[in-house]
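Only the coordinates and a few stated rules stand behind these numbers; no lab work does. Model, not experiment: these values are computed from the prediction. Positions of Cβ are backbone-derived with ideal geometry, glycine not excepted, and every protein chain shown enters the neighbour counts.
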Amino acid sequence: MSRRVLVALGVLSACAVLPGMVMGRAPAQAAANASAAKKAAKPHKCQKPHVWQTYRVGKHESLSEIAGVLGVSAEDLKRWNPRDSRRLRPGARLKFCGPRLEPQSVGRPSDGRLIGGVNLDPDGDNRGVGWVVAARREATWGTPETVRYVRRCVSQFRHRYKRSKADPIAIGDLSRRQGGPLPPHKSHQSGRDVDIGFILKSRAKNADDGPLRVATPTTLDVEKQWFLTKCFLDNPETQMIFMEASIASALKEYIKKVYKKNRRQREKYLRFFPGGAAPIIQADEEHTSHMHLRFRCPKGDKRCIP
Ligand SMILES: [Zn+2]
């Protein structure tokens, strides 16, 4: 067969055969060597349903541990990442071809990371139904659960206050795409935290992209703030809500007032406050402009630490 015929048949690329190349059958050993060399040089083809992805190495992780998490072999990981696999350093990004990673929250909110996170704002326009991303916030990634819970309560809020044209709710940071440290926050590392701006009585001049605004019991729109807070308290997956002490007190007083004649409701919600039987709300001095919510470890996330 001539070279031209081979090219035409698609067996060879037009430049594959060089003058002087032996086209006859090579001895078995030579062929094996050639195929081994070809295999090593050729980039690994990633066949569906597997896809090329990157994995950020966490602290104290070994190559075999990572391989187990990713569903690939340690040998393949070495082959795909010759340099990074020789000395594993936390934060290094390993390339791998494997089954699409299941989303998971790993480690603690203050020392953790996020795998396969979901972006609250996938189109990057800083807004969604009933919310805007507060100015200078770019960490909008969370576990699918976190993003779902936030969207749900915020859209309920919008539905409830559609007529009054309430300002969109300002969302602060969640986590970075792959979690990890997010200064100045100590937590927000594992996709389970989110900051949500307090709802004030007066409309901000530029509510669209305003920063999270400091609230006091006087400036807080306590009715709306309670509606939103209640939505999260009604979700059994809400683990904690941090807010400044006087804001927590204002909400508590409001509950005593609105559920004055409904003892069951009153007691149900008061137990979530500091000193109650099931304290979810934690009063502090830091959260003056927003509440900081943390959700429980998603079910099935075995490496998530509460
Ligand atoms: Zn926060």
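Among Met240, Met291, sorting on how many other beta-carbon atoms sit within 10 Å of each Cβ, with the fewest leading, yields Met240, Met291. Ranked by the mean number of other Cβ atoms within 10 Å per residue, highest first, peptides 180-186, 143-149, 250-256 order as 143-149, 250-256, 180-186.
Tally Lys and Arg at +1 and Asp and Glu at -1 over the other residues with C-beta under 15 Å from the C-beta of Ile247: what net charge comes out? With Lys, Arg at +1 and Asp, Glu at -1, the net is -3. What whole number of Å gives the distance from the Cα centroid of segment 157-178 to the Cα centroid of segment 273-294? First find each Cα centre; the distance between them is then 19 Å.
The Ser62 and Ala245 beta-carbon pair, evaluated with R₀ = 45 Å, returns a calculated FRET efficiency of approximately 0.50. State, to one decimal in nm, how far the label point of Asp234 lies from the label point of Lys256, with both points 7 Å from Cα in the Cβ direction. Between Asp234 and Lys256, the label points sit 2.5 nm apart.
Label positions at Asp125 and Arg160, each projected 7 Å from the Cα along the C-beta direction, are separated by 2.6 nm.
Listed by Cβ neighbour count within 10 Å, with the fewest neighbours leading, His188, His292 appear as His292, His188. In the structure shown, the pairs Lys162/Lys224; Lys48/Lys95; Lys186/Lys299; Lys201/Lys252; Lys59/Lys299; Lys95/Lys186 are assessed against 20 Å; a Cα-Cα span above that value is assigned to Lys186/Lys299; Lys59/Lys299; Lys95/Lys186.
Charge tally for Glu102 (other residues, Cβ to Cβ under 15 Å; Lys, Arg +1; Asp, Glu -1): +3.
Around Glu286, what is the net charge, scoring Lys/Arg as +1 and Asp/Glu as -1 over all other residues with Cβ under 12 Å from its Cβ?
-3
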